[in-house]
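Please treat every number below as a calculation from the coordinates, not as lab data. Please read these numbers as outputs of a predicted model, since none were measured by experiment. Don't worry about glycine lacking a Cβ; one is built from the backbone with ideal geometry, like all the others, and counts go over all protein chains shown.
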Amino acid sequence: MSFKIYNSLSRKKEVFKPIHKGKVSIYTCGQTVYDDLHLGHARTYSYWDVLVRYLRYKGYEVTHVQNFTDVGHLTSDADEGEDKIEKRAKERKVDPYALVEKFIQRYFEDLDALNLNRADIYPRATQHVQEMIDLTKRIIKSGYAYEKDGNVYFKVRKFKDYGTLSPTPILQKKSKCRVHADTNKNDPNDFTLWRKVDSNVIMKWDSPWSVGVPGWHVECSAMSMKYLGETLDIHGGGYDHLYLHHPNEIAQSEAATSKRFANYWMHTTFMTLNGEKMSKSTGNMLLIRDALKMYDWEALRLTLVSSHYRKQIDFNKSNVRNSEALLLRVYRVFERVQESTGGKSESLNKWIREYRVSFEKAMDDDLNTPKAVDVTMLFLKKVSQSLGNKKSILEKSVETVKELLRVLGLRLDKEIVIGVTSGSSVKVTLSWKELVKKVSGSLKKKNKIDGLMEQLISLRVEARSKKDYATSDDIRTALKKAGVELEDTDSGVKWRVK
Ligand code: AMP
Ligand code: ZN
């Protein structure tokens, strides 16, 4: 099956054909690094991770470049306001370079915690100013840019297809443009390639036009061309970039090279938080690092990819609870396989093959991750109904689920520790509360808890025999908090740690 991508440029799903056989070049717009990431960012970056993982799964050699914007991005996404990094550095009374360093480090910490694979190259704008100056020179030479008072602007009306990527008209009538727009521009719609700055600005560079900084858009063109060539396979970004940043990237790149800039454009839809737009500017956001204190990373990761990347998704407690329940079902089937002695049947082999085909079919259809999860759950149901299969086939089923769900960024490698005890004839040395505390401490140190569990279960059996169900429930709840689940079975009380 061929891989299909919804191309924002043609507004259609298209069969993906790479420029060079077997190789894929991907550039995704990264973070302006002056703050921590929230879950909305994580959603967008999870999809680039899934895209890369899936293409690699299909055997492509992928090069993924993602930039760090550490200069040039003004507080408005257009050419107005202050540089976001300089502004934040001033507010915090720190050096802008130190601020950038700190947030890049924290960016990696957050992505690692969510098991997002790193891009292959992370170019920073401040380290590619010369490339941006060179590209600007080329654009001037090709007649698409002009200099005025030390600034350089791109002539948008000269570029024939300007803004075709944008779902809404991008060019505004002069009368509709802001009164205070930069008067150096011949047309208020023109955008800045180089901006002269005052002497009190810290991050600035010499150029043929003035001491200044590059415009925001030009960094992505210069850096993607440097690392991936003048035409790349896939360019990705949040859907907000459809309206200005990406049309500008196309215009300036193609004006310079006379070549198509990117063959496929992919855009992620935003994540909301409790029904409202999640964004830094409104403050309605949950930082990744805060979410990780509240929820299991794997449940978060599953939640992020549980809707299609072009569909809006809301982040709320019930969505994470759904993911937790799904994961629990997955781990339960793994556990049943682990416990099973197996039989003689080989019927599952056929289902393993079919599962892989359905998973690939879903992912080939423009990365349909929710469908990929659905077919996985159907397959797992089949596995749990087929425990009479040979043990090796049962294990192969589990390995296949792990392999395919890794494409979505899950690990599914939590160790399952199971014990069964009747809880009788055990000498109890401590109160149940003290025992639970010890269990919790032992788990943290990765020590065995069998002896402690024997005692706790014995206390719980005793409580139940006295019809003291409140204590029996309290023990169960406290253990769950500590990470141990109890299940009453015919052969005794089963406990499991995950
Ligand atoms: P920001 O620095 O907040 O402007 O975000 C940088 C990029 O992250 C945006 O351009 C989007 O591509 C992406 N992004 C921001 N907020 C969200 C969100 N709520 N959901 C998905 N992606 C987002
Ligand atoms: Zn960009």
Could you tell me how many degrees, from 0 to 90 and to the nearest 10, lie between the Cα long axis of helix 317-339 and the main elongation axis, the longest principal axis, of the Cα atoms of the chain? 50 degrees
Rounded to the nearest 0.05, what FRET efficiency is calculated for Glu109 and Val417 with R0 set to 25 Å and r the Cβ-Cβ distance? 0.30
Please report the net charge: other residues with Cβ closer than 12 Å to the Cβ of Asp83, K and R +1, D and E -1. 0
For the range 386-395, in order, what is each residue's ³J(HN,Hα) by Karplus, 6.51 cos²θ - 1.76 cosθ + 1.60 with θ = phi - 60°, in whole Hz (x at glycine and Pro)? 10, 5, x, 6, 4, 4, 5, 6, 4, 5
Calculated SAXS-style log₁₀ I(q)/I(0) at q = 0.08 Å⁻¹ - the range 4-268, Debye, Cα scatterers: -0.31
Which lysines, on any chain, are close to Lys102 with Cα under 25 Å apart, when same-chain ones fewer than 8 places away are left out? Lys84, Lys87, Lys90, Lys93, Lys204, Lys280, Lys293
What lysines could a cross-link reach from Lys446, if we take a straight Cα to Cα line under 17 Å and drop same-chain neighbours fewer than 8 places away? Lys414, Lys437, Lys438, Lys480, Lys481, Lys498
Compute the distance from the alpha-carbon center of the range 48-100 to that of the range 188-207, in whole Å. 19 Å
Once label points are set 7 Å from the Cα along Cα→Cβ at both Tyr469 and Lys293, what is their separation, rounded to one decimal in nm? 3.7 nm
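If you stretched the chain out fully between Asp149 and Leu378, how much longer would it get, using 0.36 nm times the residue separation minus the C-alpha to C-alpha distance?
Values: separation 229, 0.36 × 229 = 82.44 nm, distance 6.51 nm.
Net length gain for the segment: 75.9 nm.
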At 0.36 nm per residue, and after removing the present C-alpha to C-alpha distance, how many nm does the segment from Lys311 to Ile121 gain when stretched out fully? 65.6 nm
Sites matching GluC sites (Glu not before Pro) across the range 300-399 that sit in DSSP coil, with at most 16 neighbouring C-beta atoms within 10 Å: Glu346
Divide, for the chain, the radius of gyration over alpha carbons by 2.2 N^0.38 Å, where N is the residue count. 1.20
When you take every Cα atom in the range 371-498, what is the radius of gyration, and what is Dmax, the widest Cα pair distance, in Å? 18.0, 52
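Calculated from DSSP H runs of 4 or more alone, at -39500 (n - 2.57) each and per residue, what is the 222 nm mean residue ellipticity of the chain, nearest 500?
Value at 222 nm, helices only, nearest 500: -14000 deg cm²/dmol.
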Quick one: angle between helix 245-257 and the longest Cα principal axis of the chain, in degrees between 0 and 90, rounded to 10, please. 50 degrees
Take the residue pairs Lys13/Lys381; Lys12/Lys185; Lys141/Lys185 and return only those whose Cα atoms are more than 26 Å apart. Lys13/Lys381; Lys12/Lys185
Inter-site label distance for Lys280 and Asn186 at 7 Å from Cα along Cβ, in nm: 3.5 nm
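Can you give the FRET efficiency to the nearest 0.05 for Lys93 and Val211, using r as the Cβ-Cβ distance and R₀ = 22 Å? The partial results should precede the final answer.
Values: r = 24 Å, r/R0 = 1.08.
The value I calculate is 0.40.
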Vicinal HN-Hα couplings computed from phi for the range 268-278 (Karplus, 6.51 cos²θ - 1.76 cosθ + 1.60; Hz; Gly/Pro x): 8, 8, 6, 9, 9, 10, 6, x, 10, 3, 8
Using per-residue counts of other Cβ atoms within 10 Å, averaged over each peptide, order 443-452, 133-142 from highest down. 133-142, 443-452
Label-to-label distance, nm, for residues given as Lys448 and Arg336 (7 Å Cα→Cβ offset): 3.0 nm
